[in-house]
Amino acid sequence: MNFRDLGLTAPILKALTQEGYTDPTPIQRKAIPPALAGRDVLGCAQTGTGKTCAFATPILQRLNGRLPKPRVIRALILTPTRELAIQIQDSFVSYGRNLPLRSAVIFGGVGQQPQVDAIRQGLDILVATPGRLLDLHGQGLIDLSHIEIFVLDEADRMLDMGFIHDVKRILKLLPERKQTLFFSATMPPEVMGLVNGLLHDYARVAVDPVSSPVEVIRQSLYYVDKSNKTKLLAYLMEERHITSALVFSRTKHGANRIAQDLMKRGISAAAIHGNKSQTARVQALNDFKAGRVRVLAATDIAARGIDIDQLPFVFNYNLPDVPETYVHRIGRTGRAGHEGEAISFCQFDEKDELKAIEKLLGKKIPVVENHPFPMENFDPPQKDKRGRPINSEDAEARAAAKEKRRQKDAENKARAEERKKAAAQAALAPAPAAPAPAEEADAPNKKKRRRKKSGSQTVQTVAPAVQAMAPVKEEPLVSRDKSIGRGIRQGRLEDTLPDDPAMPVTDFYKPNPLDSDVIMDATARLLAPRRPTPRPQIQAENQQKSQAQKKQEKAQAQKPAQPKPRRQGKKQGAPAPAAKEPVLPPSLSGKRKRRRDDRPRPIEAPLRSDRQKDSTQHKSLMRPYYLHDDD
C-alpha cells in the first residue's frame, strides 16, 4: 500500500515525495482513512513512527476543499512543549507547500507581537501550547469559534503533566461539533476516562502494544555510583567514538552540571531545559542537529516529540520516575527505521524506578558488567520525616537553587550599597568649575552654548560667519546676587549683536514689558484693592431698590411740571435742614470685619467702577515703589 491508496490528493502526494516518503507507516495506514472521513481518532503508537504525518495530511486535505473569506482558524493543534510545536509547524509547511493554506505557531517564552501579527494576517491552521493560547484568547486576539478539527498531540503527557485544567478550559472555547484527534505513544488507564468523555464514535488505532519501545532500539544498563556517572559517560563517548548523543537528566541543575563537566573534559556539550530562554533552547537544538555540539543534555522537556534525524545514542543519566517517560526518552533514537542504542545509568537508590520500567516493558534490560566504574556504594537511600526516600538528585538540585537565590540576594544587596555610596559621594562632591576664557578662545569655530556663571550671565552668538568677521562683545546683563534671590533678566536683543555685523542691521527694538514704568504699573494693578463681589441677597436687594427708583422716576416724569418756588432768604431762628446721610456702597453696608485694605473714602467721592484705573489714580499705593519723593 502506498500513500495514493490512502486517498490523498496530488498536491499532498507531491510534497510527500519531495520529503522522501515512499510507503506509509502502520499508524499512517490505519489513521489517515478514518481521519479523512471526518471521524474522531485515538492513535496509540510508539514514538518515531510518523504520527505527525498521520494527522497533518488529513487536516490539509479537508481544509483545502473550502477556503472561506476572510480566513479564520479552522484547525487547532495543541502540544505540551515549544520544541514539539515548532516541529509540527515545520511539518505542516512541508506537507502543504503546494496548497494555498496558511499555518502559524504560537508558544510562550518569546514576545507575542510577531505571533499576533501572523494571526491578524489570517490563518487556517494554528499550532499552539496551552499557556500562550489562553493568554492571547484572554486578550481577545484569537477567535476559536470556527474550529473544525482539534488535535491533541502527546495526549497522555498533556493530561498528566499539569495541563489537564488548561485543556478543559480550551475545550470549553471550542464548538461542540468538531473532529477530535488524539495521538500519543502511551495511554495509561487513568487517562482513558477523560478520553472517553471527549471522543465520540472514535476509531481506535493501536499498531503495537501500548508503551512498547521500538524493536530496533538496543537497550543496555550500567550500574554505577552517582559520583562516577559523568566519568563513565565521558569514557563511553571516547571509547565508542560517539559523535552525537542525547543525555537525559532528572533536573535542570543536573543538565547544566553534565554539560559543564563534559566541557571541562574536552567534549562539546550544551544544555536545554525549561529555565533556558526560547532563543537559547532553539540555538542549542540547532547546534546539536548541525553537529557543532556532540552532547545535548536535556530534561524531560525534550523527551516528547523532538525529531532528530539519525540520532545514534540516547543516555539516561538518571532514570525517570514515570515508566512511560522512559519509552519517550529512548524513542528519540531509532526513528524512521534507523537503528539506535539507549544506554541507562542506575545508582543504588534508583532500583525502584528500574523495576517499574522493566515491568512496563515486560522484560529485563541487559546489564553491562565489565566497565571501569562499577557500583561500590550500597547504602540505602535517606528518608525524610514521613519515611519517604529522598532522591539525591532532587536534594542536590534544591540545595543548588537555594545557594543560587542566596548569591542573587547578596549581589542585589551589594548593588544597593554601591548605589547609596555613589549617591553620597555625588552629594559631597563640589560642583565642576567653569572652563577658563582662554580655553574658549582656543576653539573659536565650535558652537558656544549659553553658560551660567556665579557672578554674571552672558549671551554669545552661535553663527560662525559673524564670529569670523567680528568678535562678539560679552556684557553682563543683570547681576545675580544669591543673597537677594533670583534676579530678573533684563536686556535687549541688539545688545547681543556685534558692532559691525556681517548682515544688514535690523530694528529689533520693541517695548520691553519689564521696563520700570511698565512693571510698576502692572504691580500697582495687582496690589490695588478690589471690591468684593456682593452676596446674592445684597444683589437682590439692590435690584429691588433700583426697580423701585425707576418706577418713582417714571411717575414723577408723568406729573405736570410745577413752577419753581421763589428763593427765600434765611430767617433768623429757622431750623437748618437736616443733612442727608451718605449712601454707603453695598460692600460696606453689611456687617463684617474691617479689613486692612478697607481705607476710608471721602463721602463725596464717587464709587469705584469695575474698570481698573491707571496707576496715577492710586498715588498713595504707588508711593512706596517710586524711587524719588513727591512731597
Worksheet item: If you check residue 72 against the conditions, is it out of contact with any Ser or Thr (no Cβ under 8 Å at 6 or more places or on another chain), touching a residue at least 24 places away in the same chain (Cβ under 8 Å) and open to solvent by 30 Å² or more (accessible area, probe 1.4 Å)?
Response: yes
Worksheet item: What are the residues in region 1-28 that are modelled with pLDDT of 90 or more and either assigned to a loop (DSSP other than H, G, I, E, B) or among the charged types (D, E, K, R) (or both), if any?
Response: 8, 9, 14
Response to the item:
For residue 368, the lone unmet condition from (1) modelled with pLDDT of 85 or more; (2) buried (at least 18 other Cβ atoms within 10 Å of the Cβ); (3) over 17 Å from residue 250 (Cβ atoms); (4) of a type in the set (A, V, I, L, M) is (2)
Response to the item:
Scanning region 1-54 residue by residue, those closer than 30 Å to residue 176 by Cα and open to solvent by 60 Å² or more (accessible area, probe 1.4 Å) turn out to be 29, 30, 37, 39
Worksheet item: Looking only at region 358-382, which residues are without any contact (Cβ under 8 Å) to a residue 40 or more places away in the chain and under 25 Å from residue 231 (Cα atoms)?
Response: 369, 370, 378, 379, 380, 381, 382
Item to complete: From (1) more than 30 Å from the chain's Cα centre (by Cα); (2) modelled with pLDDT under 90, pick out the condition that doesn't hold for residue 157.
Response: (1)
Discussion item. Please determine whether any residue of region 320-331 is touching a Phe, Trp or Tyr at 6+ places or on another chain (Cβ under 7 Å), modelled with pLDDT of 90 or more and surrounded by 23 or more Cβ atoms within 10 Å (Cβ to Cβ).
Written reply: no
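The values are calculated or read from the model by the stated rules, or taken from the named source; none is laboratory data. A quick note: this is a predicted structure, and the numbers were derived from the prediction, not measured. When we count neighbours, we look across all protein chains shown, and the Cβ atoms used for this are built from the backbone with ideal geometry, even at glycine. What goes into the accessible areas is simple: the full protein's heavy atoms, side chains included, and nothing from ligands, DNA or RNA. Shrake-Rupley method; radii C 1.70, N 1.55, O 1.52, S 1.80 Å.
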